[in-house]
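Some notes on the structure that comes next.
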Amino acid sequence: KNTSTLSASVVALGSSVTVNASAAGGTAPYQYAVYYKKTAAVTYSAVQTYSTDKTINVTPAAITTYDIRVKVKDSKNKVVNKDFTVTVIDGSLKNNSTLSAYSITLGGSVTVTAKASGGTAPYRYAVYYKKSTSSTYSAVQTYSTKKSITVTPATATTYDIRVKVKDSKNKVVNKDFTVTVKKAGTTPLANTSTLSAYSITLGSSITVNSSATGGTDPYKFHISYKKESSHTYSIVQDFASNKTVTIKPGAATNYNIMVQVKDKTGTIKTKVFVVSVTK
């Protein structure tokens, strides 16, 4: 029996997979041969011809799928094959960092969420920024394991933010972002809130997703609701930064849901939705 095993079925390009050749039954001693090819190919290449060496490393040269064939031969020249498949992936270091916004109002902040994959963990992150017209970056964070970094620009202009990811082998990959900083009040406040649904069955809930653009952040949100036949709203949330609120109507009728957005200057924009609740 060919009882050989493989150290991994998925490896990063540049890494090796180890064949642990072994056999049972037949007539000892045994010899082992290892061959490999791209799955799309027809012809195998020899990594090791018959030998008593049981540990054989295979280093694929391309990002694709490979077939590895291990041949075991006993002293009576009985041969048993065992085939394996190995997937080779791009294991190079990647900078997957993201930015919370690409346009903000002066006085607001943008958050860098630093992320990496590939390479060799653990990772460290550094963040730098500059006005786009400048040639020199200033450090917001030098290399650290901290992944959430806040940048607060001081001028209404365009900024470049550079996030650097470094792995344990000191491989570094940069990722650049551009952020536009607007003067407060240059864009009118707009209430862009939405509802999860406009028609539900009794016993179900509706989610209010509060949001705003323009004006001067930060924003606060007020949510209230009433039966359409009523004149009085019930408050679900007074002005607060929480953006997501759930409402569960208590009767099969039409309801009005009012969402008010207030910016830093006290400007308020109101949006009223009509929801139909059926039995």
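See the values below:
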| read-out | value |
| --- | --- |
| GNM top mover of Thr52, Thr105, Thr150 - the chain, alpha-carbon springs below 10 Å | Thr52 |
| Pair Val236, Ser148: separation of 7 Å Cα→Cβ label points (nm) | 2.5 |
| At R0 = 25 Å, FRET efficiency that the Cβ-Cβ distance of Thr87 and Thr120 yields, to 0.05 | 0.80 |
| Reciprocal of mean inverse Cα separation for the stretch 178-279 (Kirkwood radius, Å) | 14.3 |
| Kirkwood hydrodynamic radius (C-alpha pairs) into Stokes-Einstein, the chain, 37 °C and 0.692 mPa s, D in µm²/s | 133 |
| Proximal lysines relative to Lys38, as straight alpha-carbon distance under 26 Å, when same-chain residues fewer than 8 apart are discounted | Lys1, Lys54, Lys71, Lys73, Lys82, Lys94 |
| Dipole moment magnitude, nearest 20 debye, the chain about Cα centre, only Lys, Arg, Asp, Glu C-beta charged | 240 |
| Student exercise, the stretch 29-123 dipole from Lys, Arg, Asp, Glu Cβ charges, in Debye to nearest 20 | 380 |
| All-pairs Cα distance distribution in the stretch 1-107, expressed in whole percent, bin size 5 Å | 2, 12, 20, 18, 13, 9, 6, 4, 3, 3, 3, 2, 2, 1, 1, 1, 0 |
| Label-point separation, Val79 to Ala8 (7 Å along Cα→Cβ), nm | 3.0 |
| For the chain, with +1 on Lys and Arg beta carbons and -1 on Asp and Glu, the positive-most of Val10, Ile235, Ala24 along the dipole | Ala24 |
| For the stretch 182-279, size of Cβ-based charge dipole, Lys and Arg +1, Asp and Glu -1, in debye | 120 |
| Along each principal axis, Cα extent of the stretch 35-171, largest first, Å | 82, 27, 23 |
| Sequence-separation-based contact order of the chain, relative, with Cα cut under 8 Å and 6+ spacing, percent | 12 |
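We did not get these values from a lab; they are worked out from the coordinates using the rules stated. Everything quoted here is computed from the prediction, not taken from an experiment. Neighbour counts are summed over all protein chains in view; Cβ atoms, including those assigned to glycine, are modelled from backbone coordinates with ideal geometry.
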